[in-house]
Amino acid sequence: MLTRLTFLGAAGTVTGSRFLLSGDDWSYLIDCGLFQGGRRMEERNWQPIAIPLDKLDAILLTHAHIDHVGYLPRLVAQGFRGPVFATAATCALLELVLPDSAYLQEQDAAYANKGGFSRHRPALPLYTVADAEQALRLLQPVHFHQSVSLDSLAVTWVPAGHLLGSAILEIEQRGDASGRRLIFSGDLGRYNSKVMKPPTTIENGDVLVVESTYGDRRHAEDSISEGLSRALRYAGETLGVLLIPAFSVGRTQQVLYHIRKLQEAGLAPDLPVYIDSPMAVDASYIYCRFGDDHNLDVNLLMDDNACPLRCRDTYFVRDVADSKALNQMPGPAVILSASGMLTGGRILHHLKWRLPDARNAVLFVGYQAEGTRGRALLEGAKSLRIHGEEVAVRAKIARLEALSGHADQDELLRWLGGFAGPPSRIYLVHGGLSASRGLERLIRERLGWRPEIPTEGVAVTLD
């Protein structure tokens, strides 16, 4: 029986995680993510996926970030009706993430039609809230360390430490002589996170598909407290507004945790913090439900005054009108809003108002893919095109890599070092070419293994 692995995304690029594992009479899609990073990259989301959906038996998800799950409603809109397996926490987060993503798609299309800046007439959403709701009905939650039998495969989800519910997939092939064991890392977390537990050590595998987002560099040595307190003090001193683009689930909670700790230690001013995300408060309750997945005290999470995921002066903004009102608000203040890479959402409206004023600041707390507005700002762009307009950049731009939820170069090598021996096949994915090549070189030098960097669209035979 031949087994094939086809790289449909996240090969030579960071986003669009999609890997097709197929045999003679079965096929499973591992992750179903959106491409992000500029017009050309995002246009790829409109292309039909290169697999017959009537032959796709199921989808296996590693975690709830949009570049791993955001294409799922689009697949449903094209007719997919099979089961979607993910950890229970991931399924809970998807109930927030997918409808929100669809709502933003609809809002962005409506805004483009109203402003007349779309190349398409009319501008359409990639998918709708109805598509997202249909996708949610396909979810099949599983527990960590639970094995699910699918045809000749046994699939187990073990903690990856990247995000609540994030998992490494262990897939064992049965029913043939190979007894092959495949490992899909998903996104690996940090070893020193205050919020999430470290990634699970994997000791053996025949085929390894591993992320390489930070494969060519270490995270900056600046401590979280120094970088974050510096940005907060800047807003306090200039009476400006500090914008923090952050994914509503995972990164926003991390930022709130560290701001609260700084405030309690007297290392940052008690600025009002506005969470401009309809789902951030709901995500906090999900952290309460899955206390075993993280390091936080669930009893404190349920106490509004003592909750480590709320600052001393925190406001959750749900309504669109209230979000718009923030643009007229004087500083000093902090606004956290999605998306984390400035690919859409409410953060774009805040940027239009705040970027031209030098009293304001933008603090990036996560990876910025090539081609995104976030990467452009970090590379010193003097203006940014938002909703068809050129917006001058005078605000202070900073980044805090220490808050990244991704393992860096050293941590990736540490995780790989947990294997008792080298896998026979190693594929480096979910990274730019520079990052993947940097990790490839280090793996060869330090571990003596021979990894490969696949090209998107390539299918390899694993037998």
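The values are calculated or read from the model by the stated rules, or taken from the named source; none is laboratory data. This structure is a prediction, so every number in the text was calculated from the model and none was measured. Here the Cβ is made from the backbone with ideal geometry for all residues, glycine too, and neighbour counts use every protein chain on show.
Could you tell me how many of the residues in the stretch 275-291 are closer than 27 Å to Val158 by Cβ and touching a residue at least 40 places away in the same chain (Cβ under 8 Å)? Steps first, please.
Here is the first cut: in the stretch 275-291, the residues closer than 27 Å to Val158 by Cβ are 279, 282-291.
This time we only want the ones that are touching a residue at least 40 places away in the same chain (Cβ under 8 Å), so: 279, 282-283, 286-287, 289-290.
Number satisfying all stated conditions: 7.
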Return the pair list, or none, for Cβ contacts closer than 6 Å from residues in the stretch 133-159 that are assigned by TED's automatic domain parsing to the domain that holds Gly79 and modelled with pLDDT under 95 to residues that are loosely packed, with under 15 Cβ neighbours inside 10 Å and not in a strand (DSSP E or B), at least 6 apart or on different chains. Ser152/Arg174; Ser152/Gly175
Among (1) in the same structural domain as Asp108 (by TED's automatic domain parsing); (2) surrounded by fewer than 18 Cβ atoms within 10 Å (Cβ to Cβ); (3) more than 22 Å from the chain's Cα centre (by Cα), there is one condition Phe419 misses while meeting the rest; what is its number? (2)
Are any of the residues in the stretch 415-424 closer than 30 Å to Ala123 by Cβ and in contact (Cβ under 8 Å) with a residue 60 or more places away in the chain? no
Kindly provide the set of residues from the stretch 1-51 that are surrounded by fewer than 21 Cβ atoms within 10 Å (Cβ to Cβ), hydrophobic (A, V, I, L, M, F, W, C) and modelled with pLDDT under 95, ordered by number. Met1, Leu2, Trp26, Met41, Trp46, Ile49, Ala50, Ile51
Can you list the helices (runs of 4 or more DSSP H) found entirely within the stretch 6-119 that contain at least 1 residues being touching a Ser or Thr at 6+ places or on another chain (Cβ under 6 Å) and under 24 Å from Gln146 (Cα atoms)? 66-69
Answer from Arg354, Arg373, Arg385 - the residue that is at pLDDT 85 or above, under 26 Å from Thr13 (Cβ atoms) and buried (at least 22 other Cβ atoms within 10 Å of the Cβ): Arg373
Checking the structure you have, find out if any residue of the stretch 445-453 is in contact (Cβ under 8 Å) with a residue 40 or more places away in the chain, surrounded by fewer than 18 Cβ atoms within 10 Å (Cβ to Cβ), out of contact with any helix residue (DSSP H, G or I) (no Cβ under 6 Å at 6 or more places or on another chain) and not β-branched (Val, Ile, Thr). no
Candidate set: the stretch 388-408, residues that are in contact with a helix residue (DSSP H, G or I) (Cβ under 7 Å, 6 or more places away or on another chain) and over 26 Å from Met329 (Cβ atoms); chosen: the one modelled with the lowest pLDDT: Ala402
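What about Asp187, is it modelled with pLDDT of 90 or more, in contact with a helix residue (DSSP H, G or I) (Cβ under 6 Å, 6 or more places away or on another chain) and either assigned to a loop (DSSP other than H, G, I, E, B) or not assigned by TED's automatic domain parsing to the domain that holds Gly291 (or both)? Give the steps one after another, and end with the answer.
Working: modelled with pLDDT of 90 or more: yes; in contact with a helix residue (DSSP H, G or I) (Cβ under 6 Å, 6 or more places away or on another chain): no; either assigned to a loop (DSSP other than H, G, I, E, B) or not assigned by TED's automatic domain parsing to the domain that holds Gly291 (or both): yes.
So Asp187 does not fit the description; no.
Taking Ala376, is it of a type in the set (Gly, Ala, Ser) and in contact (Cβ under 8 Å) with a residue 24 or more places away in the chain?
On the way: of a type in the set (Gly, Ala, Ser): yes; in contact (Cβ under 8 Å) with a residue 24 or more places away in the chain: no.
No, not satisfied.
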